[in-house]
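Have a look at the structure below, then the notes.
The values are calculated or read from the model by the stated rules, or taken from the named source; none is laboratory data. Predicted, not measured: the structure shown is a model, and the values here were computed from it. Ideal geometry is used to build each Cβ from the backbone, glycine not excepted, and the neighbour counts take in all protein chains shown. Note: areas computed on protein heavy atoms with side chains; ligands, DNA, RNA excluded. Shrake-Rupley method; radii C 1.70, N 1.55, O 1.52, S 1.80 Å.
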Amino acid sequence: MSVQEPRKPVLPNAVLGTLFFVVAEVMLFSGMISAFTISKAGALPGTWPMPGQPRLPAEATALNTALLILSGIVLIVAHRLYKSKNPVAHWVTLASWALGTGFVALQGVEWWTLLNAGMTLKSSPLGGFFYLIVGGHALHAVIALVALFMAWVKMARGTLSPGFFFGTQTFWYFVVLMWPVIYARVYF
Amino acid sequence: MSSTATDTAHGDGHGHDAHAPSGWDDPHGHGGHGAHDAHGHAEPHWLIKYFWSTDHKIIGMQYLFTGMFMALIGGFAVYVFRMQLAFPGMSVPFYGRVTATDYNALVTTHGSVMIFWVAMPVLIAALGNYLIPLMIGCDDMVFPRLNRLSYQLFLISAIVLIYSFFVDGGAFGGAWTAYPPLSAKAEYNLTPTGAPLWLFAVALEFAAFLLGGINFVTTVMNSRAKGMKMFDVPIVVWMIIIASILFMASVGPLIAGAVMLMFDQTIGTGFFDPNKGGDPVLWQHLFWFFGHPEVYVVLLPAMGIVAEVITTFSRKKLFAYKSVLYTAVGTGGLSFFVWAHHQFIAGIDPRMANIFSVTTLLISIPVAEMVFVYIATLFGGSIRLTTPMLWALAFIAEFLLGGVTGIFLGASGADIYFHDTYFVIAHFHYTFFPIAFIASFAALTYWFPKMFGRYMNDTWGKVHFWISIISFNCIFIPLFLLGARGDHRRIYDYTHFPDLMKSGMQDLRILATLSLVVLLVTQVIFLVNFFYSMVKGKKAEQNPWKANTLEWQCPSPPPHGNFPDGLPTVHRGPYEFSHPDRQEDYWPQNAS
Amino acid sequence: MNSLLTIACAVCGAGEDPAKGSYVGMTLIISALPLAMLGGIIWYVVRAAKKAELAENAQQAKTDGRA
Amino acid sequence: MIDTYVPNGSSFAGDIDHVILVITAITGFWFFLAEAVLFYLIIKYGEQEGVRAKYVAGEDPKEKRWVAWPHYITLLFDIYIIFAAISVWQDVKQTMPQADETVRVIAQQWAWTFVHPGADGKLDTPDDIRVVDELHVVKGKTYHFELQSRDVLHSFSIPIFRLKQDIIPGRTVRGWFKPTLTGGYDIQCTEICGIGHGIMPARIIVETPEDHAAWVLALTPTQAAITPSEQPTQLGGMP
């Protein structure tokens, strides 16, 4: 029974608002990724990555990617449980949050390694674009994780409004789905 | 932007359902008081009422007055640099001598202020905020606090921009398009602080409109009055919605570019620096990908305003409502495929120019269709030439010239000659002046009785109209001629170019400048009329123009909550004028 | 240093610019993406609205039948 | 039309003028027709006592054709303009005829350096003639140009040739022209390039072959011991 009462908005305000925000965000990332792609294709042979600088750890990041996608799947499960008013729902939400946090933490470790290996924002176009795009994504991930944590606290206390939860979910799915695109374009 | 996800979600908790008249989240809200005449004891402090309100009407007014103030800045800038062009080296009254640095800063300021801080806030934010809830028959926006945040961000952006005049090196002078490497390196533009501040102000302003646009679209989708179907929504609301969607979908790449450019300016990365492996042309793509849809972002609301005004004052149903709507959507869709016509000679692949030439000329079809529809609407009407109607008709008449001269620039072969000349300037002022000013004057004079409950003086309104229109044409027709004779843009002093000082050319520049002074001085008439009428004008009734749309079916000015007798139910479309089944020549949307 | 000069032959269009392919591709993607996303949202909303209407009608029919 | 004021000085200037003329005729026709209809309707249907406005929805195809036909015709005219514009564009920007000589144009904030090939007709040889803010060419010869910038974007524009091309730092942008008129004319920088953008004029001097030969001779050093000409490798960064 998804339709409780007639004349209810097709999508709740929060979901619709977030959805339009996500459209703008997707365009933000596609702007950055297309700039990256054109710069990469236009780079002279042998300068991408610059000699003497590390290449991006694509294999190690596969684990991070898996964590993030798993987190998205777990959140879908949490959503189902929440809708069926299952009391376990908030633990599943927390699990999704933990997986997401794990992703951000591992990315942080990766950045630390790369920075120590001499790849900085200024070192080369690759470095600039890497920190710009992946950093932009990390920023969104952190914001979404804060919102998700708040959703968990509220859910555990029983004060969660469905609008807040659905809006947060929409944003988190955007973060999760954006990542494989970034991973495939930037790391390889 | 950082708090948006949570804010949106919050808004829902406090927002209201489509049909619940209660539930606005303004802690100081009092149902039923007028926006301007109540000063009772229970009132919140006026600072809170006018500066911390979440009421859509107050936020609309805030945008409107900020926009009007910024228009004065933009107008003063153009006065100073046009005086320099007409009388090179002269000490300009109220300013002094204009240096080359000043000149560039003034040109840049004029362009960016008029587009981002006048046209956008007045046409979309002010009118959108004021009109959308009234016209779709609900009590407020769905995210009122997001709305307040949007205005506050906008205000900060305006303050940052004005502040950039007073920093070391002065305001940014790299034109409103901010092409790198000029804009990216302080050693080239010589404004080490002004350039990043300008970019920051623009980015902040985009964030503000992004929040506002999300609010508009969600409100219209979810909060329409009972019975209001897709084709019962007034055209101006549709236009603001389509414009907001266009803005949301196109602004992302520019924000990405702005972040990259800001990194280039402040940290020293090399995204747009050819010496560091970057590509300066990349910025142009990111910029114009937004920049061209932006033209339609401001055009469509203006077109919507004109539709409202001409139907009301010709007592006619809008000719082919659906066609107008579809052409607006078509224009919006096509506008994503035309941006590179700004770059025909910028060093892009010349074969791309052919494709973009085709799409650019194709976009003339839906825009022409809209104009034809408006002209056809007049057929068989009963036209009353009130001040708003004069402005609306002038919009069509003037915009036509702006539209047809665009063909010269969209046709790649002719653009080789006209690119970056005064012909371009005259062309886009023939579109932007009608959009940003003529349509705004039409809107302000039309909705003034609703906004303030009083009439503006019609005689002075007409005096203002005629002097403005005549002086406007006297500015820009000479600029067409100058452009055709090879005058190029953004030049501080033409005396260095012998071919551009030939017989009559300086006279044309002086004519344009003098007409501009007349145009600017004339605006005093409007300002005096506007503010005087606000307090002393003749009282207006609820529906002074006998119009159909819902905003006229509530008191003037509307109280907090808009519809004191309960939210209306809609029974018909917005343009049922002179219906044969009805004795009166209008039929309000909510009348049974 | 000489090798850093890329040739962007603005006139002959001989395809010397190595970024040309990705440039055209990215142009297409970035232009079509907003339309695709908005189209997707509109499609979803319209479909959901239709579904809701159908369900409402069914509900109506049920109540009518009972009455 | 344009050539009344700006002489028609290159082989393709006439073609561009022709496109402009075609567009002027077509858009002028539409503009005046639309304005005439607009003003006619305003005057004809002014408010009159006791006359009620017509109720026309405009959704009926019969009514709609008043709008539909004009825009079908607009489409036809658009297609015609597209063909006219693109054919000129292809001649000017997409194809380059064989060159008799190549000149190099180096722009910087805020001056032009023109590298003429000199007596041997080849660039990057010791007898290149480098002149600031003055470009000397021969009437009737086909020239290729190489545009380079040392710092920011500039744009190389010669109004009498109807020629304009942006200069991008880090790249060499090529194009061509063929002068058909002798005399001295303005060269403009049409892309904003900083505070000196307005004081970046240059002149193009189109000469007869004899005059040009004399000019070249006067500037060609007699001995071979000439400083090596500046290579394009010194691009980028401030001079």
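For B:Asp507, the conditions (1) within 30 Å of B:Glu576 (Cα to Cα); (2) assigned to a helix (DSSP H, G or I) are fulfilled apart from (1).
Among the residues of segment B:364-386, is any without any contact (Cβ under 8 Å) to a residue 40 or more places away in the chain, open to solvent by less than 10 Å² (accessible area, probe 1.4 Å) and more than 9 Å from chain D (Cβ to nearest Cβ)? Checking segment B:364-386: not a single residue is without any contact (Cβ under 8 Å) to a residue 40 or more places away in the chain, open to solvent by less than 10 Å² (accessible area, probe 1.4 Å) and more than 9 Å from chain D (Cβ to nearest Cβ).
Restricting segment B:172-189 to residues that are in contact with a Gly (Cβ under 6 Å, 6 or more places away or on another chain) and part of a loop (DSSP other than H, G, I, E, B) leaves a set whose member that is nearest to B:Asp420 (Cα to Cα) is B:Trp176. Where helices (runs of 4 or more DSSP H) fall wholly inside segment B:401-504, the ranges with 3 or more residues that are open to solvent by 20 Å² or more (accessible area, probe 1.4 Å) and either touching a Pro at 6+ places or on another chain (Cβ under 8 Å) or not β-branched (Val, Ile, Thr) (or both) are B:422-433, B:458-484.
Table: residues versus (1) within 29 Å of A:Glu110 (Cα to Cα); (2) within 14 Å of chain B (Cβ to nearest Cβ); (3) in contact (Cβ under 8 Å) with a residue 24 or more places away in the chain.
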{"residue": "A:Val22", "(1), (2), (3)": "yes, yes, yes"}
{"residue": "A:Ser71", "(1), (2), (3)": "yes, no, yes"}
{"residue": "A:Ile76", "(1), (2), (3)": "yes, no, no"}
{"residue": "A:Thr93", "(1), (2), (3)": "yes, no, yes"}
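Of everything in segment A:137-188 that is among the polar types (S, T, N, Q) and not in a helix (DSSP H, G or I), the residue that is farthest from the chain's Cα centre (by Cα) is A:Thr159.
For every residue, the table says whether it meets (1) of a type outside the set (Val, Ile, Thr); (2) in a helix (DSSP H, G or I).
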{"position": "D:Leu38", "(1), (2)": "yes, yes"}
{"position": "D:Ile42", "(1), (2)": "no, yes"}
{"position": "D:Gly58", "(1), (2)": "yes, no"}
{"position": "D:Val67", "(1), (2)": "no, yes"}
{"position": "D:Phe77", "(1), (2)": "yes, yes"}
{"position": "D:Ile81", "(1), (2)": "no, yes"}
{"position": "D:Ile86", "(1), (2)": "no, yes"}
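I'm trying to understand the selection: among the residues of segment D:175-205, which are of a type in the set (Val, Ile, Thr) and in a loop (DSSP other than H, G, I, E, B)?
Start the filter on segment D:175-205 by keeping residues that are of a type in the set (Val, Ile, Thr), which leaves D:180, D:182, D:187, D:190, D:192, D:195, D:199, D:204-205.
Hits for segment D:175-205 are D:Thr180, D:Thr182, D:Thr190, D:Ile192, D:Ile195.
The set of residues in segment B:367-396 being more than 19 Å from the chain's Cα centre (by Cα) and small (Gly, Ala, Ser) consists of B:Ala368, B:Ala376, B:Gly380, B:Gly381, B:Ser382. Of the conditions (1) closer than 30 Å to C:Val24 by Cβ; (2) in contact (Cβ under 8 Å) with a residue 24 or more places away in the chain; (3) buried (at least 21 other Cβ atoms within 10 Å of the Cβ), A:Gly31 satisfies every one except a single condition; which number is it? Checking A:Gly31 against (1) closer than 30 Å to C:Val24 by Cβ; (2) in contact (Cβ under 8 Å) with a residue 24 or more places away in the chain; (3) buried (at least 21 other Cβ atoms within 10 Å of the Cβ), the one that fails is (2). Please work out if B:Leu286 is part of a helix (DSSP H, G or I), in contact (Cβ under 8 Å) with a residue 12 or more places away in the chain and facing another protein chain (nearest Cβ under 7 Å). Spelling it out, B:Leu286 is indeed part of a helix (DSSP H, G or I), in contact (Cβ under 8 Å) with a residue 12 or more places away in the chain and facing another protein chain (nearest Cβ under 7 Å).
Check every one of the strands (runs of 3 or more DSSP E) wholly within segment D:121-174 and list those with 1 or more residues that are open to solvent by 30 Å² or more (accessible area, probe 1.4 Å) and away from chain B (no Cβ under 14 Å). Show your work before the answer.
Numbers: elements: D:129-132, D:134-138, D:143-149, D:154-158, D:163-167.
Where strands (runs of 3 or more DSSP E) fall fully within segment D:121-174 and carry at least 1 residues being open to solvent by 30 Å² or more (accessible area, probe 1.4 Å) and away from chain B (no Cβ under 14 Å), they are D:129-132, D:143-149.
Residues that are in a loop (DSSP other than H, G, I, E, B) and touching a residue at least 40 places away in the same chain (Cβ under 8 Å) within segment D:88-106 comprise D:Met96, D:Pro97, D:Gln98, D:Ala99, D:Asp100, listed in sequence order.
Comparison of D:Tyr80, D:Tyr40 shows that the only residue that is more than 9 Å from chain B (Cβ to nearest Cβ) and over 26 Å from the mean Cα position of the chain (by Cα) is D:Tyr40. Restricting segment B:316-361 to residues that are farther than 21 Å from B:Tyr296 by Cα and without any contact (Cβ under 8 Å) to a residue 12 or more places away in the chain leaves a set whose member that is most open to solvent (accessible area, probe 1.4 Å) is B:Arg351.
Please find, within segment B:463-485, the residue that is farthest from B:Thr445 (Cα to Cα) out of those that are β-branched (Val, Ile, Thr) and within 14 Å of chain D (Cβ to nearest Cβ). So the residue we want is B:Ile477.
The combined condition, being part of a helix (DSSP H, G or I), without any contact (Cβ under 8 Å) to a residue 60 or more places away in the chain, in contact with a Gly (Cβ under 9 Å, 6 or more places away or on another chain) and of a type outside the set (A, V, I, L, M), is not fulfilled by B:Pro301. Testing A:Val134 on (1) under 16 Å from the mean Cα position of the chain (by Cα); (2) open to solvent by 10 Å² or more (accessible area, probe 1.4 Å), one condition comes back false. Which one is that? So A:Val134 meets the others, but not (2). Does any residue in segment D:1-15 that is touching a residue at least 40 places away in the same chain (Cβ under 8 Å) and in the same structural domain as D:Ala25 (by TED's automatic domain parsing) come within less than 7 Å, Cβ to Cβ, of a residue that is open to solvent by 50 Å² or more (accessible area, probe 1.4 Å) and outside any loop (DSSP other than H, G, I, E, B) six or more places away or on a different chain, and which pairs are these? Listed pairs, sorted by first residue: D:Phe12/D:Asp91; D:Asp15/D:Asp91.
Anything in segment B:79-114 that is in a helix (DSSP H, G or I) and more than 22 Å from B:Leu190 (Cα to Cα)? List them, or say none. Don't jump to the end; show me each part of the working.
As a first pass, look at segment B:79-114 and keep what is in a helix (DSSP H, G or I): B:79-86, B:100-114.
Listed by number, the residues that qualify are B:Tyr79, B:Arg82, B:Met83, B:Leu85, B:Ala86, B:Met114.
Evaluate the following for B:Leu334: is it out of contact with any helix residue (DSSP H, G or I) (no Cβ under 6 Å at 6 or more places or on another chain), in a helix (DSSP H, G or I) and at pLDDT 90 or above?
Values: out of contact with any helix residue (DSSP H, G or I) (no Cβ under 6 Å at 6 or more places or on another chain): yes; in a helix (DSSP H, G or I): yes; at pLDDT 90 or above: yes.
Yes.
Anything in segment B:161-198 that is free of Cβ contacts under 8 Å to residues at least 24 places away in the same chain and either more than 10 Å from chain D (Cβ to nearest Cβ) or basic (Lys, Arg) (or both)? List them, or say none.
So the first thing to find is which residues in segment B:161-198 are free of Cβ contacts under 8 Å to residues at least 24 places away in the same chain, and the list is B:166, B:182, B:187-189.
Once the filter is applied, which keeps residues that are free of Cβ contacts under 8 Å to residues at least 24 places away in the same chain and either more than 10 Å from chain D (Cβ to nearest Cβ) or basic (Lys, Arg) (or both), segment B:161-198 yields only B:Phe166.
Filter segment B:337-353 for residues that are assigned to a helix (DSSP H, G or I) and either among the aromatic types (Phe, Trp, Tyr) or within 14 Å of B:Phe287 (Cα to Cα) (or both) and give the result. Give the derivation first.
So in segment B:337-353, the residues assigned to a helix (DSSP H, G or I) come out as B:337, B:339-343, B:350-353.
The answer is B:Phe337, B:Trp339, B:Ala340, B:His341, B:His342, B:Gln343.
When A:Gly17, A:Gly46 are screened for being on the phi > 0 side of the Ramachandran plot and either outside any helix (DSSP H, G or I) or within 14 Å of chain B (Cβ to nearest Cβ) (or both), only A:Gly46 passes.
Scanning segment D:53-76 for residues that are more than 19 Å from B:Gly573 (Cβ to Cβ) and facing another protein chain (nearest Cβ under 7 Å), which turns out surrounded by the fewest Cβ atoms within 10 Å (Cβ to Cβ)?
The qualifying residue surrounded by the fewest Cβ atoms within 10 Å (Cβ to Cβ) is D:Leu75.
Screening the candidates A:Ala24, A:Ala35, A:Ala105 for the property of being over 30 Å from B:Ile245 (Cα atoms), in a helix (DSSP H, G or I) and not acidic (Asp, Glu) yields one hit, A:Ala105.
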